[in-house]
Ligand code: 13P
């Protein structure tokens, strides 16, 4: 049985000092995460606040990395730098990176491999634009992003990956996908994983939904057996709102 996972993508929000206050408030509201897993993904500059403070039940993720370990890459951060701060996960191929910073599937693939080389678990984001959905291209788009993003991975490596289905049109818009749309796309992703990397990968990989997830709609998404958790943006910035999402995930645990 796949353990439920809630990943909180802070995007470019909160200074290190604000992160410390948030962590204190959240720890009081969510003293234990069991039986689900809760992972915080602050900006690079606040990773150390979460990574170095003990006594909370949250895992740590980075929002991106660069694929080489060291070198002349001004502004970039590598996988060994992230593991040294206590990161266990890294979000890769987010649609904001693809849209605003020109990231493509080949780049996401190099990053996935770099993460795996250093024992970091990649959370690969895939998702269609509104025009792609309107053209009926959703399945092709997400299948292609998945296959190119994970190209060259062994079966063992593929099982350590998490996939986040984030339709571009649902991110930050207040217009989440419907449980039916999410279930259908997750089925496509899971069957693609099973066809390419075998049935164990198909069964073990967690597939999250992201895009305007809130305390009010998360239970409806988690009711689907195809949804293993959520990648939450705006609603995780307030610790009270995140605590409600975690409580919904805990009470809907299968
Ligand atoms: P919102 O929850 O703000 O729509 O963001 C989703 C997202 O992009 C998480 O990675």
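For the reader, a short list of remarks on this structure follows.
- Residues located in region 110-119, provided they are in a helix (DSSP H, G or I) and more than 16 Å from the ligand (Cβ to nearest atom): 110, 112, 113, 114, 115, 116, 117
- Filter result for residue 177 (within 13 Å of the ligand (Cβ to nearest atom), more than 16 Å from the chain's Cα centre (by Cα) and either touching a residue at least 60 places away in the same chain (Cβ under 8 Å) or not in a helix (DSSP H, G or I) (or both)): yes
- Positions within region 1-11 being assigned to a loop (DSSP other than H, G, I, E, B) and either farther than 23 Å from residue 165 by Cβ or within 12 Å of the ligand (Cβ to nearest atom) (or both), in sequence order: 10, 11
- Residue 227 vs. criteria in contact with a strand residue (DSSP E or B) (Cβ under 7 Å, 6 or more places away or on another chain) and either away from the ligand (no atom under 16 Å from the Cβ) or assigned to a loop (DSSP other than H, G, I, E, B) (or both): yes
- Picking from residues in region 110-131 that are surrounded by 18 or more Cβ atoms within 10 Å (Cβ to Cβ) and either under 25 Å from residue 175 (Cβ atoms) or without any contact (Cβ under 8 Å) to a residue 12 or more places away in the chain (or both), the one that is farthest from the chain's Cα centre (by Cα) is 128.
- Of residues in region 81-109 being assigned to a helix (DSSP H, G or I) and surrounded by fewer than 16 Cβ atoms within 10 Å (Cβ to Cβ), the one farthest from the ligand (Cβ to nearest atom): 84
- When residues of region 39-62 are limited to those that are out of contact with any strand residue (DSSP E or B) (no Cβ under 8 Å at 6 or more places or on another chain) and surrounded by fewer than 21 Cβ atoms within 10 Å (Cβ to Cβ), the one nearest to residue 29 (Cα to Cα): 56
- Answer residue from region 185-224, given it is assigned to a loop (DSSP other than H, G, I, E, B) and under 16 Å from the mean Cα position of the chain (by Cα) and is farthest from the ligand (Cβ to nearest atom) among those: 205
- Only a single criterion out of (1) touching a residue at least 24 places away in the same chain (Cβ under 8 Å); (2) assigned to a loop (DSSP other than H, G, I, E, B); (3) more than 16 Å from the ligand (Cβ to nearest atom) is not satisfied by residue 71, namely (1).
- Tally of residues being part of a helix (DSSP H, G or I), more than 16 Å from the ligand (Cβ to nearest atom) and either under 30 Å from residue 86 (Cβ atoms) or touching a strand residue (DSSP E or B) at 6+ places or on another chain (Cβ under 7 Å) (or both) across region 120-147: 1
- Matching residues, region 148-174, being assigned to a loop (DSSP other than H, G, I, E, B) and surrounded by fewer than 18 Cβ atoms within 10 Å (Cβ to Cβ): 151, 152, 154, 159, 160, 172, 173, 174
- Given (1) part of a helix (DSSP H, G or I); (2) under 24 Å from residue 12 (Cβ atoms); (3) under 18 Å from the mean Cα position of the chain (by Cα); (4) free of Cβ contacts under 8 Å to residues at least 40 places away in the same chain, number of the condition residue 245 does not satisfy: (4)
- Residue 198 passes every criterion in (1) closer than 27 Å to residue 99 by Cβ; (2) touching a helix residue (DSSP H, G or I) at 6+ places or on another chain (Cβ under 9 Å); (3) loosely packed, with under 15 Cβ neighbours inside 10 Å apart from (1).
- Neighbours by Cβ (under 7 Å, 6+ apart or cross-chain): first from region 86-101, under 12 Å from residue 127 (Cα atoms); second in a helix (DSSP H, G or I) and away from the ligand (no atom under 13 Å from the Cβ): 93/108; 93/149
Read-outs: derived from the displayed coordinates by stated rules, not from any lab. All values reported here derive from a predicted model rather than from experimental measurement. Cβ atoms come from the backbone with ideal geometry, glycine included; neighbour counts cover every protein chain shown.
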